[in-house]
Amino acid sequence: MEGASFDRAADLYDRTRALPPEASEAVTAVLVEELVGRQPALEVGVGTGRIAHPLRQRGMELVGIDVAPAMLERLAAKSKGRVSLPLVVGDAAQLPLAHCCFGAVLFSHVLHLLPGWKAVVDEAIRVTRPGGVLLVDFGGGAVAPWSEQTDEILRQHGVLHERPGVSDAVDIESHLAGRARLRPLEPVPTGFTRSLAMDIRDWENQIHSWTWSYPAEQLAEACRGVQTWAEVEGLPLNRQVKIEWVIQWWAFDLQPSETPRQ
């Protein structure tokens, strides 16, 4: 499956993508309610266990799969060799798993990365039992006060903040064409503090997957453009602001008669 491999991000993923503890607890509670009676579950793109580990600690039975071996190695290292769930290295578009063996499949911050997301969703349905559920968090949604201006400056330097996959639940619902019913889960409000200097540093260091396809020199030039704009506008680079964010999971309830595609 074409898409970003997160092997390069394994050592910094937890530091840059971790949820605040209270938000993690709230998300876990929302997902546990969906998974009770629908186990075992599969998390596609399990990564370092940001979602799966709290669920496992609540007694949920899960399997994790990821295309990036380094991410799974990091997960195992965090567990000190006592991995709390079975782990599989595999492609989301060609899951090495049997038909109808899970009651639920989870995607957290995965589908927006995959241009071939339709094949991935179809594979998820194939391994899910009829009447099961797909649970999806697209990520995104956190916008800084300077985002509109900095996005434009990055674009002027040929740097695009692209999400090549799917980011809208309605698009998945349309693809499923009556095979599943869309249902929003309870949103989890949260927030974090951020400065423009932190964003610039992350872009220069290519922390985010959307920066990986650009040469370092091009990103550095774009960041200089952002710094120049901030100086002209009198915007302190190190001033931290609170950014509100809502974590929104979506459920796609599969029809009881759904037959997996061969």
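None of the figures in this text is laboratory data; all of them are computed from the coordinates on show. What you are looking at is a predicted structure, and each value in this text was computed from that prediction instead of being measured. Cβ placement follows ideal geometry from the backbone for every residue including glycine, while neighbour counts extend to all protein chains displayed.
Against the chain, whose longest principal axis comes from its Cα atoms, helix 147-156 is set at around 80 degrees. Rounded to the nearest whole Hz, the Karplus-based 3J(HN,Hα) values (6.51 cos²θ - 1.76 cosθ + 1.60, θ = phi - 60°) of region 161-170 follow the sequence 8, 9, 10, x, x, 10, 10, 10, 4, 5, with x at glycine and proline. Other residues whose C-beta falls under 15 angstrom from the C-beta of residue 29 contribute a net charge of -4, scoring Lys and Arg +1 and Asp and Glu -1. Here the Karplus curve 6.51 cos²θ - 1.76 cosθ + 1.60, taken at θ = phi - 60°, turns the phi angles of region 237-246 into couplings of 5, 9, 6, 8, 10, 8, 10, 7, 8, 10 Hz, with x standing for Gly and Pro. Backbone amide hydrogens, once placed in the peptide plane, bring residue 47 within less than 5 Å of nothing, excluding anything fewer than 5 places away on its chain.
Could you work out how far helix 21-35 tilts from the main Cα principal axis of the chain, as a 0 to 90 degree angle to the nearest 10? The helix 21-35 is inclined about 30 degrees to the chain. By its C-alpha gyration tensor, with a ≥ b ≥ c as the square roots of the eigenvalues, how is region 145-262 shaped: rounded for a/c under 1.5, else prolate for a/b larger than b/c, else oblate? Prolate, because a/c is 1.5 or more and a/b exceeds b/c.
Once the C-beta distance of residue 175 and residue 98 is scaled by a Förster radius of 22 Å, the resulting FRET efficiency is 0.40 to the nearest 0.05.
Taking a ≥ b ≥ c as the square roots of the eigenvalues of the Cα gyration tensor, region 56-148 is oblate, since a/c reaches 1.5 or more and a/b is not larger than b/c.
For the chain, the longest principal axis of the Cα atoms and the long axis of helix 117-127 meet at an angle of about 30 degrees.
Normalised by the number of residues in the chain, the mean separation of alpha-carbon contacts (under 8 Å, six or more apart) gives a relative contact order of 22 percent.
Where the centre of each part is set by its Cα atoms, how far does region 226-247 sit from region 153-180, in angstrom? Rounded to whole Å, the Cα centres lie 26 Å apart.
A simple charge model with +1 on the Cβ of Lys and Arg, -1 on the Cβ of Asp and Glu and nothing else charged puts the dipole of region 127-260 at about 380 debye relative to its Cα centre.
For region 73-225, the alpha carbon convex hull comes to 166 Å³ per residue, rounded to a whole number.
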